[in-house]
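S.K.: Please see the structure below; I have some questions.
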Amino acid sequence: MTSASGGADMVDWNLAVATATRLVRPGPEVSRAEAAAVVAELRRHALEAEEHVRAFTGMRSSSLAQAVATPVLVVDRPGWVRANVAGFRTVVQPLVEKLQARRANSATAGVFGAVGEKATGIEVGALLAFLATKVLGQYETFAPAEPSLEAPDSPAALFDKPRLGPDGPGPGRLLLVAPNIVHVERELDVDPSDFRLWVCLHEETHRTQFTAVPWLRDHIQSEVQSFLSETDVDPGALLDRLREAAGSLGGLPGVGGREGASSSSLLEIVQSPAQREILGRLTAVMSLLEGHADVVMDGVGPAVVPTVAEIREKFQQRRDRGANRLDLLLRRLLGMDAKLRQYQDGAVFVRGVVEQVGMEGFNRVWTSPNTLPTKEEIHDPAAWVARVAR
């Protein structure tokens, strides 16, 4: 991104979408009738999951309008790409403005700007093609404002088609990636209907978190934008940090590195000290959100998902096992391993707090940004209870 200059964007977003759509692997083979049945069932389960989550957590949307404004979209892999490109355009705007200000007086800005945007568009597209096969569902916090959907390509189109934007920030939306859900349920050899509802319980918990806690989205957006505004766009400073951390990327056992080496993602490598502080707060809140969703899906599960124990066991084995060596390396570079730790650490925190003060006491976490757990408290539920719940 640091090679882009002067233009309206750092990235040619249309090229990113075209690249990702061309590179993304096709989903599992299903007939049109089977695909239509999957989409319809996911929509039903999403509605059902909403009531289960509210009953279990005691959380309610702050208003009917807020709940209605955060739609549930069932998408295919290209649809997931389009939705995330729209979100990226919204969230990286502070960094775009910083780059534009830095390069406004550059004599070569006009020459290299378009080239940089094209190159970065291809890079972003390749990254999205990889990620589009991994995500089962996602609450898109930084979705563009309505209208969030384009007209379908044909009257018989099965999947929702998110707009590319930009329309400015909107209230958010929930995405369910149907091909990936079918792929995983087949890989795990679990009951398809049970698995689809189980996934919807997790993702609906995220939707409930943001519709029931009005300040949460603005708080996270503020932290993310602060993180981006602290980005050092000087190529020399960035190169120095990359050189300092180069050895850490060889630390993956069996991938040309040494045992015990530091495990850094690309995000960690380019951080400034101020960004590390911000990221510590973001890590804590994301661990809370992901862990809370895992606890809810497993808490609701026994009553409404008959095979939940089998699904959880097989799914956790899949998480722990990972994939091939290249996939493991990409997961580290992109910080996906850190996301898996967020599920685990956050779930331990939520369960620890609920055991001490119950669900009602735990829900004090949603009172304000000051009652969110710190990065240290995520690993010490009793410390959060002592500070907040009591």
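S.K.: Please list Met286, Met297 from largest to smallest accessible area, probe radius 1.4 Å, with all protein chains kept in place. Intermediate results must be reported in sequence, preceding the final value.
M.R.: On the way: Met286 60, Met297 10 Å².
Highest to lowest solvent-accessible surface, that is Met286, Met297.
S.K.: Further, regarding this structure: Say each of Arg276 and Glu310 gets a label point 7 Å from the Cα, pointing the same way as Cα to Cβ; how far apart are those two points in nm?
M.R.: Result: 4.8 nm between the two label points.
S.K.: Given H placed on each backbone N at 1.01 Å, which residues far from Val72 in sequence or on other chains put an amide H within less than 5 Å of it?
M.R.: For Val72, whose amide H was placed from the backbone, the distant partners under 5 Å are Leu174.
S.K.: Once the piece of chain linking Ser31 and Arg390 is laid out straight, how much longer is it, given 0.36 nm per residue of separation minus the C-alpha distance between them?
M.R.: Between Ser31 and Arg390, full extension yields an extra 123.7 nm.
S.K.: For the pair Ala382 and Asp218, how long in nm is the line joining their label points, each one 7 Å along Cα→Cβ?
M.R.: Rounded to a tenth, the inter-label distance reads 3.7 nm.
S.K.: Taking 0.36 nm per residue of sequence separation and subtracting the Cα-Cα distance, how much length would be gained by fully extending the chain between Glu48 and Arg341, in nm to one decimal?
M.R.: 102.6 nm
The values are calculated or read from the model by the stated rules, or taken from the named source; none is laboratory data. These figures come from a predicted structure and were not determined experimentally. As a convention, Cβ positions derive from the backbone with ideal geometry for all residues, glycine included, and neighbour counts pool all protein chains shown. Accessible surface is based on the protein model in full, side chains and every heavy atom, while ligands, DNA and RNA are left aside. Shrake-Rupley method; radii C 1.70, N 1.55, O 1.52, S 1.80 Å.
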